[in-house]
Amino acid sequence: MKKEQTIQQKFIRSITTPKNASEENPQIDVYRELVYYRFLEVFEKAYPRFVKMISSEQLSSLIYDFLAVGAATPILWQVSGEFQEFVVKNNTLKMPFLADLLAFEFLEVQMYMRKYSTQESQDFSLDTGYTLSDEIEIRHFSHPIHHPEFDKNPFSFEAGDFRVLFFYNEKNEEILCEEISPFVEDFLLALDVDTPLLTRIEQVASEYEIQMQELLEILSPILESFCERGIIF
Amino acid sequence: MQKYSCGLGLRTEFLHEIYATELKPSWFEITPENWMHMNIKHRKTFERLVSDFEIVAHGLSLSIGSNTPLDTNFLKNLKTFLDDYEIEYYSEHLSFCSLDNKQMYELLPLPMSEKMVTYLCERVDAVQNILGRSIALENASYYYVPYAEMEETEFINEVIERSGAKLLLDVNNVFVNSHNHKFDPKEFLNKINYDNIAYMHIAGHMEVSDELFVDTHGEDVKDEVWDLLEYVKNAGVTKPLLLERDNDVPNYEKMMHEYKHMQKIYS
């Protein structure tokens, strides 16, 4: 099989490198185009925002560079994750928000491909202990990728520390996200099903020296909304 | 699956239209790689379909002809998927799509040699052992012959007969290959052992130029391919037949219109 393997390796090398005018072979070109457009289609679906921000020449160059390295996963949608790592590692684009943007877009893809449990809606009570759903994701970004106006002029947004909560909206079968404050993130991560919310809020009020009533007025509607959406249960 | 039964390749483009009409195919074929992880928007309908219809799985990523170890992790996940949804039949392609840990996600032509035949037989055996079911292999479309010690029909027949796998005869692929490589499709079919056929595929292709037809699955089936199907039918083949469409997928009603045409010809 040595001969066959060498033939196959040579063939793959030919179809994963950009067309070279001195080595024109229309039969090889067919495969080169089929492979290229397969990857292009997947990346356009996974990274619609990123693709709109770069030129088709830049995207083409990235795809051919990626093809030279190679994709490992046999599951097509997962190749976008490998592409993300590759683009960030070999970043030649002058986009300070590149890593955040690709991570944001691929997380959405990943979350759409997960299986979610059906949660019975619960009545919200401060006397009940809650836990954070393991079906949500909280990610930190240095750029406000989640901002609805971000794509219009991404370079105009200042960097910072943004915490974004991603969750599955069962009613519309969609993945949604919203920014949360560091305080809310810490509060959510410290939730304990054995500790009633009211007790936990009292602990936090004491720890941060905040008026209990004031904290309750801030946190109560937020937590009730999280409960309604299955983010805590 | 029954004699002359007709199936339809399941596509997400029309998945949610299926239960909105009375039009139903006898069975569906799915690409397992597209459903092993599925989009939350499709899960409920997919699971309903799997419980209502006979399903055949037609894979893309096995890469049976790669001279690199089988991806046993992928195969185990595939077996779990097939078992979970009680899918008995699984087919793949007589081709390769990855090498040295590089996935191409396209069906690439195999060198047609005795050594490759022997190698494929070993791989089929290993795959069948892991999956716990027998498999069928499709004659692939190809635009380039990387190496050939034998004719394609000889290659296909040897692999199928020696490996014990069944043949998934793709009639459109025979037509496209016959055009691109200038051979008579009927003579090709005459050399195929019809007894080894598990089921058949029919699909549309694109006439890119006078010299090149591409197996795009993106258009209606051409008349010449329907004629070739009739030729196969008249030769006594009664195996199930599936209509494939992967690109520019029309709505379900239009898809079923073509399906009805297929049924009319193949019954």
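The values are calculated or read from the model by the stated rules, or taken from the named source; none is laboratory data. Bear in mind the structure is a predicted one, so any value in this text is a computation, not a measurement. Ideal geometry is used to build each Cβ from the backbone, glycine not excepted, and the neighbour counts take in all protein chains shown. Ligands, DNA and RNA are excluded from the accessible area calculation, which covers all protein heavy atoms including side chains. Shrake-Rupley method; radii C 1.70, N 1.55, O 1.52, S 1.80 Å.
Charged side chains reduced to their Cβ positions (Lys and Arg at +1, Asp and Glu at -1) give the protein assembly as shown a dipole of some 1480 debye around its Cα centre.
GNM on chain B, alpha-carbon springs under 10 angstrom: the most fluctuating residue among B:ALA126, B:ALA165, B:ALA140 is B:ALA126.
Of all aspartates and glutamates in the structure, the ones whose alpha carbon falls short of 16 Å from that of B:LYS191, not counting any fewer than 8 places away in one chain, are B:GLU138, B:GLU151, B:GLU152, B:GLU154, B:GLU158, B:GLU161, B:ASP170. Shown for region A:137-228: the carbon plus sulfur share of the solvent-accessible area, taken with all protein chains present and a 1.4 angstrom probe, equals 47%.
Rounded to the nearest 0.05, what FRET efficiency do A:ALA72 and A:LEU93 have when you use their Cβ-Cβ distance and R0 = 25 Å?
0.60
Using the 1.4 Å probe convention, the accessible area of the protein assembly as shown works out to 46 Å² per residue with neighbouring protein chains retained.
How big is the A-B contact in terms of buried accessible area, both chains counted, 1.4 Å probe, rounded to the nearest 100 Å²? Summing both sides, the interface buries roughly 3900 Å².
Of all lysines in the structure, those lying under 29 Å Cα to Cα from B:LYS260, and not within fewer than 8 positions of it along the same chain, are B:LYS3, B:LYS24, B:LYS41, B:LYS44, B:LYS166, B:LYS186, B:LYS222, B:LYS233, B:LYS239.
Computed extension gain for B:LYS76 through B:LYS24, at 0.36 nm per residue and net of the alpha carbon distance, reaches 15.5 nm. At a Förster radius of 41 Å, what calculated FRET efficiency corresponds to the Cβ-Cβ distance of B:ASP84 and B:GLU114, to the nearest 0.05? Once rounded, the FRET efficiency stands at 0.60. Between A:PHE155, A:PHE183, A:PHE39, the Gaussian network model of chain A with springs among Cα atoms under 10 angstrom shows the greatest mean-square fluctuation at A:PHE183.
How large a share of the accessible area of chain B, in percent, is made up of carbon and sulfur atoms when the probe is 1.4 Å and the other protein chains stay in place? Carbon-and-sulfur percentage of accessible area, whole number: 45. Comparing B:ILE197, B:ILE87, B:ILE160 in a Gaussian network model of chain B, where Cα atoms under 10 Å apart are tied by springs, the biggest mean-square fluctuation is seen for B:ILE87.
At 0.36 nm per residue, and after removing the present C-alpha to C-alpha distance, how many nm does the segment from A:ARG13 to A:GLU214 gain when stretched out fully?
Between A:ARG13 and A:GLU214, full extension yields 65.8 nm more.
Once you put a point 7 Å from the Cα of A:LYS52 and another 7 Å from the Cα of B:GLU149, both along the Cβ direction, what distance in nm separates them? Once both label points are built, they end up 5.5 nm from each other. The mean number of Cβ atoms from other chains found within 10 Å of a Cβ in peptide A:27-39 is 5, as a whole number. Net charge of the neighbourhood of A:GLU85, taken over other residues with C-beta under 15 Å away and scored Lys/Arg +1, Asp/Glu -1, is -3. Across chain B, C-alpha contacts under 8 Å between residues 6 or more apart give a mean separation that, scaled by the residue count, equals a relative contact order of 21 percent. Taking every DSSP bridge with both residues inside region B:6-266, close to 15 percent are antiparallel.
Taking each DSSP H run with n ≥ 4 as -39500 (n - 2.57) and averaging over every residue of the protein assembly as shown yields -13500 deg cm²/dmol at 222 nm.
Inter-chain neighbour count for B:135-144: the average number of beta-carbon atoms from partner chains within 10 Å of each residue's beta-carbon is 2. Rounded, prolate or oblate: which fits chain B, taking a ≥ b ≥ c as square roots of the Cα gyration tensor eigenvalues, rounded meaning a/c under 1.5, else prolate when a/b beats b/c? Note, shape of chain B comes out oblate.
Spacing of the modelled spin labels on B:GLU207 and A:ASP192, each 7 Å from Cα toward Cβ, amounts to 7.5 nm. For region A:1-146, what does the relative contact order come out to in percent, with C-alpha contacts under 8 Å and a separation of six or more? Answer for region A:1-146 is 21 percent.
Counting lysine pairs in chain A that sit 8 or more residues apart in sequence, or on different chains, and whose Cα atoms lie under 15 Å apart gives 5. Placing unit charges on the Cβ atoms only, positive for Lys and Arg and negative for Asp and Glu, gives region B:35-188 a dipole magnitude near 600 debye about its Cα centre.
Full extension of the chain between B:ASP184 and B:ASN129 yields a length gain of 16.1 nm, computed as 0.36 nm times the residue separation minus the alpha carbon distance.
How high is the FRET efficiency between A:ASP29 and B:HIS37 when r is their beta carbon distance and R₀ equals 41 Å, given to the nearest 0.05? Once the sixth-power term is evaluated, E becomes 0.80.
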